[in-house]
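**Q** Sharing a structure below in structure tokens format, with a few things to ask.
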Amino acid sequence: MRLFFIATCCLVASPAFAQQTAPAAAPAGTGPAAEAPAPEKPICRRIQVTGSNMAKRECHSRAEWKAIDAQQDPSSVRAFQNRPTGG
């Protein structure tokens, strides 16, 4: 019975191994890699939530973060950056 199972597995797997050949080299500038741009890597920031000790993690693309930063009130950002620190 074991021998039958091993022989069946080998026969079923042999076509899969036979078709694992290297693809022919495509000319530069063609193929799916050249058509689609690489996806942007998400940038994650930790956002403090009012009333919580746990920070929330938000991930967006670089363009989305630029849009979010542009929507924020510049005076509140400047006030936060110019606050006095310890001492």
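**Q** Restricting to segment 26-43, and then to whatever is surrounded by 11 or more Cβ atoms within 10 Å (Cβ to Cβ) and modelled with pLDDT of 75 or more, can you tell me which residue is nearest to D69 (Cα to Cα)?
**A** I43
**Q** Which one of these is at pLDDT 70 or above, of a type in the set (S, T, Y) and not in a helix (DSSP H, G or I): T21, T85?
**A** After applying the criteria, what remains is T85.
**Q** Something else about it: Considering only segment 45-59, how many residues are surrounded by 10 or more Cβ atoms within 10 Å (Cβ to Cβ) and either in contact (Cβ under 8 Å) with a residue 24 or more places away in the chain or more than 20 Å from F80 (Cβ to Cβ) (or both)?
**A** Counting residues in segment 45-59 that are surrounded by 10 or more Cβ atoms within 10 Å (Cβ to Cβ) and either in contact (Cβ under 8 Å) with a residue 24 or more places away in the chain or more than 20 Å from F80 (Cβ to Cβ) (or both) gives 1.
**Q** Could you check, for segment 68-79, whether at least one of its residues is more than 26 Å from the chain's Cα centre (by Cα), open to solvent by less than 90 Å² (accessible area, probe 1.4 Å) and at pLDDT below 65?
**A** Scanning segment 68-79 turns up no residue that is more than 26 Å from the chain's Cα centre (by Cα), open to solvent by less than 90 Å² (accessible area, probe 1.4 Å) and at pLDDT below 65.
The values are calculated or read from the model by the stated rules, or taken from the named source; none is laboratory data. Keep in mind that what you see is a predicted model, and the values were worked out from it rather than measured. Cβ atoms come from the backbone with ideal geometry, glycine included; neighbour counts cover every protein chain shown. Accessible surface is based on the protein model in full, side chains and every heavy atom, while ligands, DNA and RNA are left aside. Shrake-Rupley method; radii C 1.70, N 1.55, O 1.52, S 1.80 Å.
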